[in-house]
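To start, the structure under review is shown below, and the notes come after it.
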Amino acid sequence: MPVTDVNKDLDALTMEITAEFGAGAERVWEMWSDPRQLERWWGPPSYPATFVDHDLSPGGRAAYFMTSPEGQKYHGWWRIEEAEPPRRLRFEDGFGDEEGKPNEEMPTTIATVTIAEGDGATTMSIESRFGSREEMEQVVEMGVEQGMVEALGQIDALLAGEGT
Amino acid sequence: MVADKEESRDEKAADLLFGALADPTRRDIFRRAQAGRLSVSALAREYPISLAAVQKHVAVLERAELVSKHRVGRESIVRAETDALKRAHAALDRLESEWRGRIERIDRILDEDKGDS
């Protein structure tokens, strides 16, 4: 398991994950800087990502879409805030509309990537932060929470049916 | 792929949750709390059981993180815990699983390098 540490801060709404790889910092940076390699890991296997724009310089932008098993495209974008190859990358990650343009109504997260080469291994840590509590709430509403509430409702219904 | 420690923590949480909801009085208290804030003494008037028994039920629901208790003046107020904290947990867990997947995929690609050379 490459993941060595995970920290979540419920007040600051940040999640920090640290991993160790058996490769040099330059090679790890390539995972971000080469769009063809980035495409191999950014999206889950069932939703592969295609980057159509990719400028990792400060102020630069990247644009991508992920394709669902049914062929539906979900667009996303990055706005690069800081880039210091091969050590540091900071960008805002958001959703796009059907044409791939940033959707201002949708929540964004800020990712800060730090890469440090040590003895025979390279550490990469990613801090992911919600823009605000409202944006976090939006993300929750879009997914997990719905499933959890439904599951709880089913348990309750099941137990109520049995008990009374 | 979740670490063992987290799995057992999840299991413990599930035990508490199922245990708490396995009792009809507690399910009723939880439903009422979801509909709005309740005082423990008002709750006690709703059921043919003692105030102490109601407090025990509320404590079980509290441990399962289904409700939280707050003191307002002399009253103990029960509130359903479907609120910010729980939602923040869910959101950060979601970020974690998303990045765990990405890190595993990066690791697999880096491992392929070694195979090639």
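What follows is calculated from the coordinates using simple rules that are stated; it is not laboratory data. Treat the numbers as computed from the prediction; the structure is a model and nothing was measured. Don't worry about glycine lacking a Cβ; one is built from the backbone with ideal geometry, like all the others, and counts go over all protein chains shown.
Computed over all pairs of different Cα atoms, the Kirkwood value for the hydrodynamic radius of chain B is 17.0 Å. Could you tell me which of the pairs A:K8/A:K73; A:K73/A:K101; A:K8/B:K114; A:K73/B:K114 are separated by over 25 angstrom between their Cα atoms in the structure shown? Exceeds cut-off: A:K8/A:K73; A:K8/B:K114; A:K73/B:K114. Between B:A53 and B:K12, the C-beta separation translates, for a Förster distance of 25 Å, into a calculated FRET efficiency of about 0.50. Look at the dipole of segment A:12-116 built from charges on Cβ: of A:W41, A:L13, A:V28, the Cα furthest out on the positive end belongs to A:V28. Modelled this way, with points 7 Å down the Cα-to-C-beta line, the labels at A:E82 and A:T50 are 3.4 nm from one another. Quick one: check the C-alpha center-to-center distance for segment A:85-135 versus segment B:48-117, whole angstrom. Centre-to-centre (Cα) distance: 23 Å. Taking every DSSP helix (H) stretch of at least 4 residues in chain B, weighting each as -39,500 (n - 2.57) and dividing the sum by the residue count yields a mean residue ellipticity at 222 nm of -23500 deg cm²/dmol.
Taking the fewest neighbouring Cβ atoms within 10 Å as the starting point, the ordered list for A:I80, B:I103, B:I29 is A:I80, B:I103, B:I29. Based on the convex hull around the alpha carbon atoms, segment B:14-60 presents an average projected area of 3.1 nm².
Extension gain, B:R74 to B:S39, is 11.6 nm, computed as 0.36 nm per intervening residue step minus the present C-alpha separation.
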